[in-house]
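One structure is given below, encoded as structure tokens.
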Amino acid sequence: MPAYPSTVECVTITLMADSQTDKQERAAIWQQLVSHQQQTADLHMRDLFRVDPHRAELYSIRIDELLLDYSKHRVSEQTLSLLFSLAEACEIPNKISALFSAEKINSSEDRPALHPILRAPAEQVLELNGENIVPLIHMQLARMRELVQGLHAGEVQGSTGKSITTVINIGIGGSDLGSRLAVDALQTFRTGDIEVEFVANLDPKDLSAVLARSNAETTMLIVASKSFTTLETRTNAEALKSWLTANGCSDLSRHIIAVTTNKTAALEFGASEDNIFYFWDWVGGRYSLWSSVGLPLAIAIGMDNFEDLLAGAHTIDTHFQSAPLTKNVPVILALLSIWYSNFHKAESHAVIPYDQSLRLLPEYLSQLVMESNGKSVSRNGQAIESTSSPILWGSIGTNAQHAYFQLLHQGTHLVPVDFLLPLLNSSDQQQQLKLVSNCLAQSEALMMGQDDDTDANRNFPGNSPSSTMVYSSLTPKVLGMLLAIYEHKTFVEAMIWDINPFDQWGVELGKKLAGQLIEDISVNETSGHDASTSLLMQEYLQRNK
Ligand code: F6P
């Protein structure tokens with residue numbers, strides 16, 4: 001099966017409007033799952049393991065060096081069979097095909113969501129409006145390579161003739177979190193001597209901390225913004241320009257790179273045409289690490305490593321399209337998530353990497369998952385009948401064990417957990433053994449529990465579900481695989497809830513009101529708002545007299 005549909009398939013795959021029969025079929029399976037959950041509410045995973053000694057082999061999947069063990073879940077063969085029927089009834093295979101074609105799957109913004117094509121090899125073909133877009137993507141990758149090589153060779157110079165040694169990425173949300181995570185995660189793959197810094201927050205303390213350790217003459221800023229209108233990014237970028245000027249830099253175009261879909265605004269800001277890197281409206285911000293938004297990462301780890309990250313994601317794209325639902329990692333993870341959130345009424349999901357390199361992963365995933373699936377209307381604008389995205393949270397093990405694991409073991413909430421675990425560490429195998437043992441101990445304890453009939457405080461009910469993904473060590477390829485798995489898992493969940501994961505209208509109201517508040521406070525006008533907001537505005541004005 002080709003990784004991408006041909007042009008002919010592109011026009012034939014459509015997200016059909018649901019027929020009454022489709023809806024009835026889905027509702028019937030949904031109802032069967034409701035009943036099945038009630039009938040199996042007392043089922044303990046201990047018993048599932050006892051009756052089936054092959055459960056772990058049966059419920060684990062390998063993709064290259066990645067192994068997913070999903071056996072520690074409250075699911076029987078019948079549960080999984082019902083969940084796969086739900087996926088079939090929701091036409092998941094058809095929807096996966098639609099994602100990989102140029103179909104306008106982002107219905108509320110009337111455009112496709114084609115981030116997977118960003119990691120496809122150059123020989124792949126995908127036509128959009130009669131044009132093969134793969135060469136456009138690879139042209140930007142080639143431009144990135146040229147810049148990265150120039151920076152590493154010391155050939156890129158600022159306005160005073162000194163080589164650039166620091167780049168500061170100014171961006172927020174999807175224009176920040178992915179590269180920030182990946183630069184941090186792939187420290188051991190650093191190539192060249194360029195310092196890579198990130199500033200996102202409107203709080204000026206963020207920028208000033210970075211500027212305090214930077215030298216204007218050797219600093220370049222990357223303004224990463226799909227829209228090039230985001231308040232936080234524009235404000236920080238303007239402040240950085242002023243700092244450059246105040247510190248002796250004249251021709252600022254030699255210190256500015258723009259990564260955007262908005263060429264006009266980037267030129268107006270002062271970027272030269274040669275220093276503008278493009279991506280496209282069909283790449284959502286939180287899905288954009290694979291585009292030129294990944295430039296800070298490419299500078300940090302070199303272009304070859306960056307391309308390994310793309311290759312890892314592409315491996316998952318191919319798996320996602322070709323594996324049957326019953327062996328499809330993103331599909332299975334999505335169905336398990338649906339099982340807990342919709343049928344067991346779990347409200348949150350924890351991601352706990354036992355990998356210091358992935359300390360920023362939960363924050364990255366919180367945008368990916370909650371900005372994508374924190375919705376309450378369906379793709380055709382109707383209120384959805386089920387709950388949608390659970391709250392995603394987490395942090396690194398083992399630190400998490402000494403913070404909130406008490407709640408996971410003995411609290412009243414059901415919280416499914418994803419454990420991510422590297423098995424090798426060349427610097428200290430003994431310490432790695434302790435780390436691995438701690439991770440496995442937690443998933444074992446959560447699942448098995450421990451009965452204590454004499455002291456309720458020491459009773460562990462167990463039966464808490466978790467998935468474990470293991471890999472040898474975190475390479476660019478493995479990171480690409482993990483992130484693509486979460487992207488596609490998020491997509492499958494959205495398709496089952498029938499929501500659009502590619503828009504984010506919910507962030508607009510706050511942005512609009514902030515603009516109004518800036519105007520009102522600037523002219524000492526506190527009326528026209530609710531009493532609470534007026535009081536707080538007055539308090540601000542009082543303290544800033
Ligand atoms: O938070 C809303 C949002 O639009 C995100 O989806 C996006 O990643 C972020 O703002 C930044 O947007 P831009 O890249 O246009 O500056």
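Read-outs: derived from the displayed coordinates by stated rules, not from any lab. Bear in mind the structure is a predicted one, so any value in this text is a computation, not a measurement. Every residue, glycine as well, gets a Cβ built from its backbone with ideal geometry; the counts of neighbours run over all protein chains shown.
The angle between the Cα long axis of helix 231-246 and the longest principal axis of the Cα atoms of the chain comes to about 30 degrees, rounded to the nearest 10. Summing Lys, Arg as +1 and Asp, Glu as -1, what charge do residues with Cβ under 11 Å from the Cβ of Thr468 carry, Thr468 excluded? Once positives and negatives cancel, what remains is -2. Extents of the range 122-182, largest first, come to 46, 27, 19 Å (Cα atoms, principal axes, whole angstrom).
For the chain, the alpha carbon convex hull comes to 186 Å³ per residue, rounded to a whole number. Peptide packing for 339-348, 298-307, 135-144 was compared via the average number of neighbouring C-beta atoms within 10 Å per residue; ordered from the highest value, the list is 298-307, 339-348, 135-144. Against the chain, whose longest principal axis comes from its Cα atoms, helix 20-39 is set at around 60 degrees. Could you state the angle between the C-alpha long axis of helix 508-522 and the longest principal axis of the C-alpha atoms of the chain, as a value from 0 to 90 degrees rounded to the nearest 10? With rounding to tens, the tilt is 40 degrees. In the chain, the calculated helix contribution to ellipticity at 222 nm averages -14000 deg cm²/dmol per residue, counting -39,500 (n - 2.57) for every DSSP H run with n ≥ 4.
For the range 323-383, the alpha carbon convex hull comes to 132 Å³ per residue, rounded to a whole number. For Val377, the residues whose modelled amide H falls within less than 5 Å of its own, excluding neighbours fewer than 5 places apart on the same chain, are Ile384. P(r) for the range 479-520, from all Cα pairs and a bin width of 5 Å, is 5, 19, 15, 14, 13, 11, 10, 8, 5, 1 %, short bins first. Annotation: lysines with alpha-carbon distance below 22 angstrom to Lys327 (same-chain offsets under eight excluded): Lys72, Lys95, Lys477, Lys489.
Taking Lys and Arg as +1 and Asp and Glu as -1, the other residues whose beta-carbon sits under 14 Å from that of Thr245 total -1. Among 264-276, 226-238, 484-496, the peptide with the highest mean count of other Cβ atoms within 10 Å heads the list, and the full ranking is 484-496, 226-238, 264-276.
Net charge near Thr326: determine it from the other residues with C-beta under 12 Å of the C-beta of Thr326, scoring Lys and Arg +1 and Asp and Glu -1.
-1
The packing ranking, built from the mean of other Cβ atoms within 10 Å per residue, places the peptides 515-522, 252-259 in the order 252-259, 515-522, highest first.
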